[in-house]
Amino acid sequence: MDIGTASARPGELTTGYLDVTELPTAGIERLPVVVAQGEEDGPTLWVTASIHGNELNGMAVAQDVMTDDLPEKLAGTVVCLPNLNPAGLRRNARVSYYRDDDPNRFFPERDPDRVRPPGVQELIDRQIYDEIVASADAVLSLHTAQVHSRAFIIRGRVPYGQERGESEARELADELDRLADAFGVPVVNQFPQDEYEERGLNRSLAGSLVDVAGIPAFTPELGGHSVVEEGQREAGVTGTYNVMRAMDMLPGDPVENDAAPADPVDYPVCRTWGPHTETPGIVRYRVETGDRIDPGDPVADVVTPHGDVKETVTAENEGYVVSRLEGAVAYENDPLLSLAVRDDEPLVVERKPE
């Protein structure tokens, strides 16, 4: 298998680079590539990380799973891109500095015919997407979330009615469940479908691969950003090898992911941001990451600069706290928490042809 300058052969681990754009000041922006090819035939798993440049736990996981002895144990091929956003990595920033675009919002859409021409980040994303779709049987898109975040998996909903029929969508959803469960970290379903599309997440890497290409892809969110956290790295390495085991690429069954946090609830949950404060001020949280919540539970006080309480914000849903948001300042109607709340939405959703 050849990806950029990385040319793998059976039983070998090879490194190289994938050139993605020419820089205005001369030179080439290129992505690191590592390919491990087993002696035996088997599936192809792609592992990508750090598409947001300050999300370092995922990059460390992607680097650490690609060991020199992996090919001798492997059936199939693992293609690893440890850093999809060198421009963001250089300045420890989420976005690239080409046009300050979020690089995880420009993967191919259903109808690319439009008046506005694609910018450089979209051209890069198209190139990455084409490389992945050409060979991938499954994809892990490794990320991190907010500071002090719990590790969790974002599991997308699967649409039918355009690219596929309902039965095909259910098969894809079942494979997503199987691989996400094997990773061994609590699963949080994606936002409800309307909000998911409104936020542009259908053009994220995992979203586009599932929605358009029909490739099982999901997003492990491994803790907080800007530093490598050893526990989160360990959970990610174990989880990635577990996915390889579930795909029969490595021998044995998935193992217990001891570094992963326990699931705080026994019902399905989905992502949400909230509750929102009606009053601007300084936020003093009354909950911690991982705490269970019920409607009416106080989650934060909003106080004046002198410390007087202006508003006590309460939970609107049952679920648990994934993370608190960064900083202490809230403006009117700002969300205060990243939450996992009870999910009553279907995981296979109809999208009628336009």
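Give the whole-number value, in cubic angstrom per residue, of the convex hull volume spanned by the C-alpha atoms of region 269-342.
69 Å³
Using 0.36 nm times the number of residues separating residue 181 and residue 230, minus their current alpha carbon distance, what extension gain do you get?
15.5 nm
Report the extension gain between residue 22 and residue 39 in nm, rounded to one decimal, defined as 0.36 nm multiplied by the number of residues separating them, less their alpha carbon distance.
2.5 nm
State to the nearest 20 debye the size of the charge dipole of region 189-268 about its Cα centre, where the only charges are +1 on K and R beta carbons and -1 on D and E beta carbons.
Using only the charged Cβ atoms, the result is roughly 320 debye.
Can you give the local net charge around residue 191? Use residues other than it whose beta-carbon is closer than 11 angstrom to its beta-carbon, Lys and Arg +1, Asp and Glu -1.
That works out to -3.
Just name one of 244, 45, 107: the one whose Cα is farthest towards the positive end of the charge dipole of the chain (beta-carbon charges, Lys/Arg +1, Asp/Glu -1).
Working it through, the farthest residue towards the positive pole turns out to be 107.
In whole Å and largest first, what semi-axes does the C-alpha gyration tensor of region 2-90 yield when each eigenvalue is scaled by 5 and square-rooted?
25, 15, 9
Taking just the C-alpha trace of the chain, give me its Rg and Dmax in Å.
20.6, 67
Rounded to the nearest 0.05, what FRET efficiency do residue 328 and residue 7 give with R0 = 35 Å and r taken as the Cβ-Cβ distance? Could you check?
Using R0 = 35 Å, I get an efficiency of 0.10.
Under a 5 Å amide H to amide H cut-off, with H placed in plane at 1.01 Å, what residues pair with residue 101 once short-range neighbours are removed?
96
Sort 71-81, 272-282, 186-196 by packing, meaning the average of other beta carbons within 10 Å per residue, with the highest value first.
So the peptides 71-81, 272-282, 186-196, ranked by packing, come out 71-81, 186-196, 272-282.
Could you pull out every residue, at least 5 positions away or on a different chain, whose amide H is within less than 5 Å of the one on residue 158? Hs are placed 1.01 Å off N in the peptide plane, and Pro or chain starts have none.
348, 349
If you count the DSSP beta bridges with both ends in the chain, what percent of them are antiparallel, to the nearest 5?
65 percent
Considering only the other residues whose Cβ falls under 15 Å of the Cβ of residue 7, what net charge follows from Lys and Arg at +1 and Asp and Glu at -1?
Charge balance near residue 7 sits at -3.
First select every other residue whose beta carbon is under 12 angstrom from the beta carbon of residue 336; then total the charges, Lys and Arg +1, Asp and Glu -1.
For residues surrounding residue 336, the net value is -3.
Please arrange 219, 15 by how many other C-beta atoms lie within 10 Å of their C-beta, fewest to most.
Fewest-to-most Cβ neighbours within 10 Å comes out as 15, 219.
Rounded, prolate or oblate: pick one for region 40-131, where a ≥ b ≥ c are the square roots of the eigenvalues of its C-alpha gyration tensor, a/c under 1.5 means rounded, and failing that, prolate if a/b is larger than b/c, else oblate.
Judged from the Cα gyration tensor, region 40-131 comes out oblate (a/c at least 1.5, b/c at or above a/b).
Calculate the dipole size of the chain relative to its Cα centre from +1 charges on Lys and Arg beta carbons and -1 charges on Asp and Glu beta carbons; express the result in debye to the nearest 20.
880 debye
Bear in mind that the values in this text are calculations on the coordinates, not laboratory data. Here the structure is a predicted model, which is why all the values come from computation and not from measurement. Glycine also receives a Cβ, built like all others from the backbone with ideal geometry; neighbour counts cover every protein chain displayed.
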